[in-house]
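The values are calculated or read from the model by the stated rules, or taken from the named source; none is laboratory data. It should be emphasised that the depicted structure is a prediction, and the values quoted were computed from it without experimental measurement. Glycine gets a Cβ as well: all are built from the backbone with ideal geometry, and neighbour counts include every protein chain shown. The area values use the complete protein model at the heavy-atom level, side chains included, leaving out ligands, DNA and RNA. Shrake-Rupley method; radii C 1.70, N 1.55, O 1.52, S 1.80 Å.
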Amino acid sequence: MLAGRRITLIIGGGIAAYKCLELIRLLRGAGSAVTPVLTAGGAQFVTPLSVAALAGERVFQDLFDLKDEAEMGHIELSRAADLLVVAPATADLMAKMAGGHADDLASTLLMATDKRVLIAPAMNVRMWEHPATQRNLAMLTGDGVLTVGPNAGDMACGEFGPGRMAEPSEIMAAIGAALGDGPLKGRHVIVTSGPTHEPIDPVRYIANRSSGAQGAALAAALRDLGARVSFITGPASVPPPAGVAVTRVETAVAMRDAALAALPADAAICAAAVADWRVANAGAQKIKKGAAGLPVLEFAENPDILTTLSTHAQRPALVVGFAAETEDVAAHATAKRARKGCDWIVANDVSPATGIMGGAENAVTLITADGAEDWPRLPKAEVARRLAARIAEALA
Ligand code: C5P
């Protein structure tokens, strides 16, 4: 898939730099050539010798190394690759990229290139969440820079949260997608995600606790395998991933309409926690407290988007639902699969004790026509990757 490609790999100065050695190994195993560029910071964490040995090529480090300029100028170096990958992309490197700095070899190559750039950010969780980094990220994404990760988890600095660099296998998938080479290339997948908000009146609504984390992770994993993703999201607390077509909706009815408008598709993954009911007598004006006593809300049943897609004349070849249960998970989910007419159900136990709802991990049971398959408890991103890989297999 990556055979015959050339990747310029810019290794920034972070502890995650060691993972680049494995990334180089994977890239070369896939038939790609790697041009390694080591920043001054990167060279504090991995040696030029180990990078060069694995890449099988010389390591570029210094902008003002005249020998480099004689052999290959920095402009040429920036363009000789099919893709530039920055891993780890430190807060400082991201700031330099966002600001258009060109004061060392790495930043100059990133400024001079006419190729796409993929960054794998890695930093302390507070640095990642700092408004400056998030501002830079938004700017870079707006400039068309692709991102992979960071993942949430234990960090080398002893803290916990988003900031760990994506694993080499994830970076490989993102490189494949950036080069348009993934197994889902040419496929269109609809993903619904997040909660819905059902208005009571113009200022109040009924909602649920879905964060949209699993749906966003799935959309990113499908994108990384090369799919064109239509991501239809309710008001989630987790932002949508870059590189997918986002439609933001509030209500179940609007989500259904957006899903139907996105057809035809090869697959539909309904990960949204859609409200079962909407308020039938929602107030056109803010409902006042007072003499009329307590308001009485009447409910109407919302359309079931999963069933609608499963029974549609343009039914996607693969329709996948989720089932959040608090007891008898496999039994309820198996019944749900039959009732809704979908192909697979991804079932999970969301009893409060599991910490899954709103948490970083998920323990799922995949229900297919062949029965129930228990998956181990995994980070939501890993569940997403496994599911995306299964979807790619099913559509192959
Ligand atoms: O019935 P329940 O809400 O447990 O079903 C969950 C599955 O059905 C999820 O895949 C969810 O996205 C989907 N669903 C839907 N539209 C609804 C309710 C649920 O698509 N109105």
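Values computed for the structure shown
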item: At q = 0.13 Å⁻¹, base-10 log of I(q)/I(0) for the stretch 188-395 (Debye sum, equal scatterers on each alpha carbon); result: -0.69
item: Among E129, E170, E382: highest mean-square fluctuation, GNM of the chain, C-alpha pairs under 10 Å; result: E129
item: Accessible surface of M97 - all protein chains present, 1.4 Å probe, nearest 10 Å²; result: 30 Å²
item: Ordering of 40-49, 208-217 by burial proxy (mean other Cβ atoms within 10 Å per residue, highest first); result: 208-217, 40-49
item: Cα lying deepest toward the dipole's positive end in the chain, options P183, A259, L318, charges on Cβ; result: A259
item: Average silhouette area of the chain, convex hull of alpha-carbon atoms, in square nanometres; result: 22.1 nm²
item: Principal axis dimensions, largest first and in whole angstrom, of the stretch 289-387 by Cα; result: 57, 40, 24
item: Rounded percent of accessible protein surface that carbon and sulfur make up, the chain, 1.4 Å probe; result: 54 percent
item: For the chain, share of DSSP beta bridges that run antiparallel, in % to the nearest 5; result: 30 percent
item: Range of Cα positions in the stretch 110-176 per principal axis (Å), largest first; result: 38, 28, 16
item: Kirkwood Rh, angstrom, the stretch 78-224 [1 / mean 1/r, Cα pairs]; result: 17.1 Å
item: The stretch 6-181 - Debye-derived log10 I(q)/I(0), Cα point model, q = 0.12 Å⁻¹; result: -0.48
item: Solvent-accessible area per residue for the stretch 240-304 (1.4 angstrom probe, square angstrom); result: 59 Å²
item: Size of electric dipole in the stretch 238-323: Cβ of Lys, Arg +1 and of Asp, Glu -1, about Cα centre, debye, nearest 20; result: 360 debye
item: Estimated [θ] at 222 nm from DSSP helical runs (n ≥ 4, -39500 (n - 2.57)) normalised by residues in the chain, nearest 500; result: -10000 deg cm²/dmol
item: Mean projected area (nm²) of the alpha-carbon convex hull when the stretch 58-155 is viewed from all directions; result: 6.6 nm²
item: Of the GluC sites (Glu not before Pro) in the stretch 222-330, those whose Cβ has at most 16 other Cβ within 10 Å and which sit in DSSP loop; result: E250, E298, E327
item: Residues of the stretch 6-181: accessible area per residue with a 1.4 Å probe, Å²; result: 42 Å²
